Amino acid sequence: MESERQTPQPGEMLDQRRGLPADLIWIYQRYPRDIWQDHQNLGDMSRFWLRRHDMFREVGSMLQRGIDEWREKPDDPGSLSAWLAPRINFFLGQLNDHHQIEDHYYFPLFKGVEPKLGRGFDLLDSDHHVIHEALERNAMTANAFFESLSKGKENARFAADAYADANEQLVALLARHLADEEDLIIPMILDRGEASLMAGSEVF
């Protein structure tokens with residue numbers, strides 16, 4: 001069950017976590033995932049936000065499948081480059097913009113509404129810094145891969161391995177972060193009501 005997930009010790013990093021710390025799941029225990037979709041307080045903003053998270057999961061997995069398939073049969077690198085480049089740019093750009101909005105607007109708003117969850121929003125904010133570093137590695141290894149395509153298959157294969165490793169790490173970090181973020185925020189929205197929680201919002 002979600003509410004019985006292992007919780008981390010203080011100070012554990014994003015790549016070591018198995019869920020939110022024990023002191024942050026009290027509201028989640030009242031609103032577990034299996035009731036979210038049918039709850040009357042899950043409004044348009046919440047559903048949009050969850051769809052964005054699902055999109056990030058989907059695109060990250062799509063990129064991983066694409067590069068893995070090419071590594072198994074490294075033919076026609078030009079077609080792979082044409083397919084991969086816009087999707088990487090979309091993924092990294094959209095994810096960065098999403099985090100900026102959360103850091104500068106939503107996290108401070110939610111933290112003010114429920115101070116007892118303040119440490120959770122600090123944790124999510126620190127996650128963003130870790131993910132940003134992974135984004136930079138992802139972009140760097142992707143660019144190295146694109147540059148390698150003109151240098152022969154051996155160079156391209158080596159660069160593809162580096163990009164695949166960077167993307168796999170990013171996708172894993174993101175999966176943990178998105179799940180923890182949802183487990184902290186959605187129960188609070190269901191408890192307070194989206195309309196009252198977002199009163200005065202100029203973002204959505």
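Since every read-out is calculated from the coordinates, none of them should be taken as a lab result. Remember, it's a predicted structure, so these values are computed and weren't measured experimentally. Cβ placement follows ideal geometry from the backbone for every residue including glycine, while neighbour counts extend to all protein chains displayed.
Here r is the Cβ-Cβ distance between Lys116 and Met55 and R0 is 22 Å; the resulting FRET efficiency, rounded to 0.05, is 0.10.
Report the full-extension gain for the segment Gln40 to Asp191: residue separation times 0.36 nm, less the Cα-Cα distance, to one decimal in nm. Intermediate values should be presented prior to the final figure.
On the way: separation 151, 0.36 × 151 = 54.36 nm, distance 1.04 nm.
Residue separation times 0.36 nm, minus the Cα-Cα distance, leaves 53.3 nm.
Once every DSSP H run of n ≥ 4 in the chain is given -39500 (n - 2.57) and the sum is divided by its residues, what mean residue ellipticity at 222 nm do you get, rounded to the nearest 500 deg cm²/dmol?
Details: 7 runs with 141 residues, N = 204.
It lands at -24000 deg cm²/dmol.
The simple spin-label model puts a point 7 Å past each Cα toward its Cβ; for Glu147 and Gln29 those points are separated by 5.2 nm.
Each other residue within a Cβ distance under 10 Å of Phe107 adds +1 if Lys or Arg and -1 if Asp or Glu, for a net charge of -4. With contacts taken as Cα pairs under 8 Å at a separation of at least 6 residues, the chain carries a relative contact order of 38 percent.
Shown here are the Rg and Dmax of the Cα trace of the chain, at 19.1, 59 Å.
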